[in-house]
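Student: This is the structure I want to talk about, given as structure tokens.
The values are calculated or read from the model by the stated rules, or taken from the named source; none is laboratory data. Just so we're clear, the structure is a prediction, and the values are computed from it rather than from any experiment. Cβ: placed from backbone, ideal geometry, glycine included. Neighbour counts: every protein chain shown. Heads up: the accessible areas ignore ligands, DNA and RNA and are worked out on the full protein's heavy atoms, side chains in. Shrake-Rupley method; radii C 1.70, N 1.55, O 1.52, S 1.80 Å.
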Amino acid sequence: MWRPKLINPLLRTKEDKPQTSFKPVHALIYLIVLASLLRLTLAGSLGLGIDEAYTVSTSRIFDWSYFDHPPLAWWLTGAIAKLLGSETALVVRLPFIGLSAFASVLIYLLTARLFDAKSGFYAALLFTLAPALGVSDGTFVLPDGPLLVALLAGALCLLTLPESQPGSSGLFWLAGGICAGLALLAKYHGIFLLLGAGLFVITSARHRFWLASPWPYMGACLALLIFLPVLIWNAQHDWVSFQFQGGRALSSRFRPWMMLVAMGGQALFLTPWIWAPLMASTLKALRKGTEDSRSWFLLCLASGPILAFNILPLINGTPGLFHWSMPGYLLLLPLLGQALARRMEQAHRATQIWLRFTLALTPILLSAVIALALLPWPGLPWSKPDQSDDPLIETLEWSNLRNALKSADAPDRSTSFIAGERWHEAGRIDYALRNEWRVTCLCEDARAYSVQAPLKDFVGQKAILIIPQSRAENVNERFGASFTSLTLWKTLSVDHAGRPAFYLNLYIGEGFKKAALNG
């Protein structure tokens, strides 16, 4: 029976006679092409999510860093939008889809150098099939996309470390430092690459000689130099980004069971059927300890994000965001890739069934999401009339706003501004209006809008306040004191495949006078 070249070696049983030899490089190429086509289809079918619309909108203003994260994702987004003259979902996601293809190559090379080429292919396959890594980070406008590439490149550069001997060149530390700097420009998680390399040196007796060498410190200084724009920007803005991220991690509540919630959420983000064997491979590597310098190297690099974001919930009583630890799991995938390669060589029946299930499920789930995006949502019988149950509600574009604000009775944009009530709604509004209006957030937590569009700049002007109708009941109580008058102007629908999903109320606020909310 004929099978595609990529699938044939993966599903072969002991009774099958090999029809073609399994060439990992060829299989990797097929994998990257197929995965990229799926990502492009998903990117072109699904509207921008909350964080994506916010990132696209705030990336229009170039800066050395940004409120939420370091600037690399913002730079990529702003650059592709200006280069292609478009901010459609497919266009702004293109750099991140390209980065995911590059990440597949890097994890293949990393695993192949540590173990062998077959293990490298299976590690790349696992990366592609893990939803949080190969789908979310591999498609959407998120800082994690460039972060994963920088971490994998850094691990590949530092790969000389496990086999290094006293007197050997330390140039690889400089290359690793450059990658760590780029990782820090993507997300503050980049610090874990430096900490992981340091942990390996400290815990491996054969490699402690590097502590007396200038090379590791030169690499760290190089990373700091690349990260310097972020430090300068934060110093100029009262360290607002560090305060924001630190505030998300710290809390005074002590609820130790939240550690289990965090671990469960992380397993769901990877899928339990990938997370469980990944943990089994990790425990096997832990039992070997420092005796196997290659697996210990991976464990040290991966330990930072996983330990930090599983211990923090134990202390602060909140599970955090489950994707925070994903970079650590990424660096454990070579261990599972090696185990999978060995079992597939042995035609292990349970492993073959597991792989078939995993290979089939990811495309099925992606196809279901694409179908949901293209077809109108019928609604559920038990849904409340004033609340939408649309599962893709956070990806719907508020495109009707743009036409409404071009109507003859719309306020003059030169003397007016647009305001949302929440930071992500301001981002959604800003994205829909394509930079034609000045947009800000009338809220305490305005994120980047507190820097790019502080409310003090709009005192005395007319505002168009945009609020979802489901939260419109007490609008005058919440915002009446901020204006001399506040009246309902229009109600618009936000549509899903031509059918209204929910409604927005647009209010005209005369004489804005309260500038204390976001500065």
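Student: Hey, can you tell me all the residues within the stretch 490-510 that are free of Cβ contacts under 8 Å to residues at least 40 places away in the same chain and under 17 Å from Ala463 (Cα atoms)?
Tutor: Passing the criteria: Thr491, Asn505.
Student: Right, something else. Within the group Ser104, Ser59, Ser100, Ser119, which residue is among the small types (Gly, Ala, Ser), more than 21 Å from the chain's Cα centre (by Cα) and open to solvent by less than 30 Å² (accessible area, probe 1.4 Å)?
Tutor: Residue meeting the stated conditions: Ser119.
Student: Quick one: Ser204 ticks every box in (1) surrounded by 15 or more Cβ atoms within 10 Å (Cβ to Cβ); (2) without any contact (Cβ under 8 Å) to a residue 60 or more places away in the chain; (3) small (Gly, Ala, Ser); (4) out of contact with any Cys (no Cβ under 8 Å at 6 or more places or on another chain) except a single one, so which number is it?
Tutor: So Ser204 meets the others, but not (2).
Student: From Thr358, Thr395, Thr415, grab the single residue that is of a type outside the set (A, V, I, L, M) and touching a helix residue (DSSP H, G or I) at 6+ places or on another chain (Cβ under 6 Å). First the steps, then the outcome.
Tutor: Working: Thr395 fails: touching a helix residue (DSSP H, G or I) at 6+ places or on another chain (Cβ under 6 Å); Thr415 fails: touching a helix residue (DSSP H, G or I) at 6+ places or on another chain (Cβ under 6 Å).
Every option except Thr358 fails the conditions.
Student: Let me ask something else. What is the number of the single condition among (1) closer than 26 Å to Leu396 by Cα; (2) touching a residue at least 24 places away in the same chain (Cβ under 8 Å); (3) open to solvent by 30 Å² or more (accessible area, probe 1.4 Å) that Leu465 does not meet?
Tutor: So Leu465 meets the others, but not (3).
Student: Output the number of residues of the stretch 289-336 satisfying the condition of being surrounded by fewer than 22 Cβ atoms within 10 Å (Cβ to Cβ), in a helix (DSSP H, G or I) and of a type in the set (Ser, Thr, Tyr).
Tutor: Of the residues in that region, 3 qualify.
Student: Please go through the stretch 399-423 and give me each residue that is in contact with an Asp or Glu (Cβ under 9 Å, 6 or more places away or on another chain) and surrounded by 18 or more Cβ atoms within 10 Å (Cβ to Cβ), ordered by number. Give the steps one after another, and end with the answer.
Tutor: So the first thing to find is which residues in the stretch 399-423 are in contact with an Asp or Glu (Cβ under 9 Å, 6 or more places away or on another chain), and the list is 399-400, 402, 405-406, 413, 417-418, 420, 422-423.
Leu405, Phe417, Ile418, Gly420, Arg422, Trp423 - these are the residues of the stretch 399-423 that are in contact with an Asp or Glu (Cβ under 9 Å, 6 or more places away or on another chain) and surrounded by 18 or more Cβ atoms within 10 Å (Cβ to Cβ).
Student: Scanning the stretch 440-456 for residues that are out of contact with any Lys or Arg (no Cβ under 8 Å at 6 or more places or on another chain) and open to solvent by 10 Å² or more (accessible area, probe 1.4 Å), which turns out modelled with the lowest pLDDT?
Tutor: Residue satisfying both the conditions and the ranking: Glu444.
Student: Determine which member of the set Leu151, Leu126, Leu159, Leu133 is within 18 Å of Ala27 (Cβ to Cβ), of a type in the set (A, V, I, L, M, F, W, C) and assigned to a helix (DSSP H, G or I).
Tutor: Exactly one of Leu151, Leu126, Leu159, Leu133 is within 18 Å of Ala27 (Cβ to Cβ), of a type in the set (A, V, I, L, M, F, W, C) and assigned to a helix (DSSP H, G or I), namely Leu126.
Student: Here's a follow-up. Among the residues in the stretch 271-278, are any at positive phi, hydroxyl-bearing (Ser, Thr, Tyr), in contact (Cβ under 8 Å) with a residue 40 or more places away in the chain and surrounded by 15 or more Cβ atoms within 10 Å (Cβ to Cβ)?
Tutor: Scanning the stretch 271-278 turns up at least one residue that is at positive phi, hydroxyl-bearing (Ser, Thr, Tyr), in contact (Cβ under 8 Å) with a residue 40 or more places away in the chain and surrounded by 15 or more Cβ atoms within 10 Å (Cβ to Cβ).
Student: Just checking, which of Ser399, Ser414 is hydroxyl-bearing (Ser, Thr, Tyr) and more than 18 Å from Ala463 (Cβ to Cβ)?
Tutor: Unique residue meeting the criteria: Ser399.
Student: Do we find a residue being open to solvent by less than 50 Å² (accessible area, probe 1.4 Å) and modelled with pLDDT under 95 anywhere in the stretch 14-26?
Tutor: The answer is yes, given that some residue of the stretch 14-26 is open to solvent by less than 50 Å² (accessible area, probe 1.4 Å) and modelled with pLDDT under 95.
Student: Would you tally the residues in the stretch 362-381 being open to solvent by less than 40 Å² (accessible area, probe 1.4 Å) and out of contact with any helix residue (DSSP H, G or I) (no Cβ under 8 Å at 6 or more places or on another chain)?
Tutor: Taking the stretch 362-381 and keeping what is open to solvent by less than 40 Å² (accessible area, probe 1.4 Å), we get 362, 366, 370, 373, 379.
Subsequent filtering for residues that are out of contact with any helix residue (DSSP H, G or I) (no Cβ under 8 Å at 6 or more places or on another chain) retains 379.
Residues meeting the conditions: 1.
Student: With respect to Leu442, determine if the residue is more than 29 Å from the chain's Cα centre (by Cα) and under 28 Å from Asp390 (Cα atoms). Quick ask: steps written out before the conclusion?
Tutor: Working: more than 29 Å from the chain's Cα centre (by Cα): no; under 28 Å from Asp390 (Cα atoms): yes.
When the stated conditions are applied, Leu442 does not pass them.
Student: Can you name every residue in the stretch 210-249 that is among the hydroxyl-bearing types (Ser, Thr, Tyr), part of a helix (DSSP H, G or I) and open to solvent by less than 50 Å² (accessible area, probe 1.4 Å)?
Tutor: Of everything in the stretch 210-249, just one residue is among the hydroxyl-bearing types (Ser, Thr, Tyr), part of a helix (DSSP H, G or I) and open to solvent by less than 50 Å² (accessible area, probe 1.4 Å), namely Ser241.
Student: Answer yes or no as to whether Ser388 is surrounded by 13 or more Cβ atoms within 10 Å (Cβ to Cβ), hydroxyl-bearing (Ser, Thr, Tyr) and not in a helix (DSSP H, G or I).
Tutor: Answer is yes for this residue.
Student: Within the group Tyr503, Tyr507, which residue is in a strand (DSSP E or B), surrounded by fewer than 18 Cβ atoms within 10 Å (Cβ to Cβ) and aromatic (Phe, Trp, Tyr)?
Tutor: Details: Tyr507 fails: surrounded by fewer than 18 Cβ atoms within 10 Å (Cβ to Cβ).
Tyr503 is the lone residue from the list that is in a strand (DSSP E or B), surrounded by fewer than 18 Cβ atoms within 10 Å (Cβ to Cβ) and aromatic (Phe, Trp, Tyr).
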